[in-house]
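Once you've had a glance at the structure underneath, I'll fire off some questions.
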Amino acid sequence: MCVCVGVCGSVVHAMEAGNEEARRRASLYLTEREMLHLLTTVPRFTLPMTRHAQHYVLYRGRRAATVLTLRFNVTAAQFNVDFMIRHCLAQCEGLVPEGQQLSCCTDYDFVLVNLSGPVPSYYIWCANSNRATFNESQETSLIFTPDALIQYCRQAFYVHVPDLEINFRTSNCSIHRLLAVTLSFIY
């Protein structure tokens, strides 16, 4: 609701002014003030971790799949690799039997900035909602054991942010800051 209020309010104002460029920009990008407001008030960005589990009848060509998505806010005071490992183990051990085959996806939420205009504009890129296509080669397959999950979490934790820039080389945007590590487990 907060996202819609901030962004949609700008769209309404732009439409009333009859400014097409302002309407286009307002529908996609945020001012620095709007971006900071969202990052400090919306639970998705303020909680140390969020969890979402969904069962699908058909998921990426699979029948009867469950997807557990854990999102770890890197700006939370509690966030570190041990926090991430501890919570992944706690969430997976209750749902996934040891020895179960898992497909795992690591993605990241971040703030993009477009510096090409007179004033910088921002866009919050959320894993699992901004990705237009799925690339199976970006999945890791593992047999669920505590040791395998610990190793997977350690690899996801040590992200080199400039490597993520490859997705935006042809745009006017660059990564302003990392927000979260998002891990999805499909079983």
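Yes/no per residue for (1) without any contact (Cβ under 8 Å) to a residue 24 or more places away in the chain; (2) farther than 28 Å from Val119 by Cβ; (3) not aliphatic (A, V, I, L, M):
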| position | (1), (2), (3) |
| --- | --- |
| Thr31 | no, no, yes |
| Leu38 | no, no, no |
| Thr46 | no, no, yes |
| Val57 | yes, yes, no |
| Gly61 | yes, yes, yes |
| Ala64 | yes, yes, no |
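Among Ser103, Ser184, which is the only one that is farther than 19 Å from Thr50 by Cβ, polar (S, T, N, Q), within 18 Å of the chain's Cα centre (by Cα) and not in a loop (DSSP other than H, G, I, E, B)?
Result: Ser103 is the single residue among Ser103, Ser184 that is farther than 19 Å from Thr50 by Cβ, polar (S, T, N, Q), within 18 Å of the chain's Cα centre (by Cα) and not in a loop (DSSP other than H, G, I, E, B).
Might you let me know whether region 62-72 holds any residue that is out of contact with any helix residue (DSSP H, G or I) (no Cβ under 8 Å at 6 or more places or on another chain), modelled with pLDDT under 90 and loosely packed, with under 12 Cβ neighbours inside 10 Å?
Checking region 62-72: at least one residue is out of contact with any helix residue (DSSP H, G or I) (no Cβ under 8 Å at 6 or more places or on another chain), modelled with pLDDT under 90 and loosely packed, with under 12 Cβ neighbours inside 10 Å.
Can you name the residue in region 144-162 that is part of a helix (DSSP H, G or I), over 15 Å from Arg71 (Cα atoms) and touching a strand residue (DSSP E or B) at 6+ places or on another chain (Cβ under 6 Å) and is also modelled with the lowest pLDDT among such residues?
Out of the qualifying residues, it is Val161.
Pull up region 24-78, narrow it to residues that are under 17 Å from Leu178 (Cβ atoms) and polar (S, T, N, Q), then point me to the one that is farthest from the chain's Cα centre (by Cα).
Ranking the candidates gives Gln78 first.
Also, I was wondering about something else. Here are the criteria: (1) out of contact with any Gly (no Cβ under 6 Å at 6 or more places or on another chain); (2) modelled with pLDDT of 75 or more. Tell me which single one Cys4 does not satisfy.
(2)
All but one of (1) surrounded by 12 or more Cβ atoms within 10 Å (Cβ to Cβ); (2) under 20 Å from Leu142 (Cβ atoms) hold for Pro97, so report the exception by its number.
All conditions are met except number (1).
The values are calculated or read from the model by the stated rules, or taken from the named source; none is laboratory data. In this text, all values refer to a predicted model and were calculated from it rather than measured experimentally. Please note: Cβ atoms are built from the backbone with ideal geometry, for glycine as well, and neighbour counts cover all protein chains shown.
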